[in-house]
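What follows is a set of notes on a single structure, which appears directly below.
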Amino acid sequence: MTLNIRVIAPDKTVWDAKAEEIILPSSTGQLGILKDHVPLLTALDIGVMRVRIEKEWQPIILLGGFAEVDSNNITILVNGAEEASNLDIDTAQSNLEEASQALAIAKTNKDKIEATRNLRKARARIQAFNVLNN
């Protein structure tokens, strides 16, 4: 038996597939889910969700949300998601540098929060690229 995984963003279903294992970026750290996991509801952070399908890991960048695990069905509601296969490493590294600089010069709390969020997104893109190419 496998896990049924659905990732739903506000504008579309990002992922709808079966897998053997999933690792989620929960707000308390990485959370691994295998078949027959106990029911669970958890908040998700900005980060990389990794899905194992037939010994291959597929990364997807999640931009925060919630995940529900129940009877081998995992429903993930996210603010946004990005497929790692669409990533350009040069752009991702450039975005990481820009986000780091923006955080360094941020003055107001609003600017610091936005810069921190952009930095976390940029780091997740680099991490997803590394998962995809290892």
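Between the Cα long axis of helix 89-105 and the first principal axis of the chain there is an angle of about 60°, rounded to the nearest 10. The stretch 40-66 and the stretch 75-98 have Cα centres separated by 13 Å. Taking the Cα centre of the stretch 6-122 as reference, the dipole from Cβ charges on Lys and Arg (+1) and Asp and Glu (-1) amounts to some 340 debye.
Between the residues 106, 122, 96, the greatest Cα displacement towards the positive end of the dipole of the stretch 85-132, with unit charges on the Cβ of Lys, Arg, Asp and Glu, is found for 106.
Taking each DSSP H run with n ≥ 4 as -39500 (n - 2.57) and averaging over every residue of the chain yields -10500 deg cm²/dmol at 222 nm. Taking only alpha carbon atoms, the stretch 85-132 gives an Rg to Rh ratio of 1.05, where Rh is the Kirkwood radius.
Helix 109-132 and the longest principal axis of the C-alpha atoms of the chain enclose an angle of approximately 50°.
Among 62, 77, 28, pick out the residue whose Cα is farthest towards the positive end of the charge dipole of the chain, where Lys and Arg carry +1 and Asp and Glu carry -1 on C-beta, about the Cα centre. Of the options given, the answer is 28. Taken over the Cα atoms of the stretch 1-120, the convex hull encloses 110 Å³ per residue.
Give the order of 16, 11, 45 when sorted by the count of other beta carbons within 10 angstrom, beginning with the fewest.
On the way: 16 10, 11 7, 45 18.
Ordered from fewest to most neighbouring Cβ atoms within 10 Å, 16, 11, 45 come out as 11, 16, 45.
Scalar couplings 3J(HN,Hα) for the stretch 34-51, obtained by applying the Karplus form with A = 6.51, B = -1.76, C = 1.60 to θ = phi - 60°, are 10, 4, 6, 5, 5, x, 7, 10, 9, 7, 10, 9, 5, x, 9, 8, 10, 10 Hz; x denotes Gly and Pro.
Hey, with R₀ at 22 Å, roughly what FRET efficiency would residue 43 and residue 101 work out to, going by the Cβ-Cβ distance, to 0.05? Intermediate values should be presented prior to the final figure.
Values: r = 29 Å, r/R0 = 1.33.
For residue 43 and residue 101, the calculated efficiency is 0.15.
Since every read-out is calculated from the coordinates, none of them should be taken as a lab result. Just so you know, these numbers come straight off a predicted model, no measurement behind them. Cβ sites come from the backbone with ideal geometry, for glycine too, and all protein chains shown count toward neighbours.
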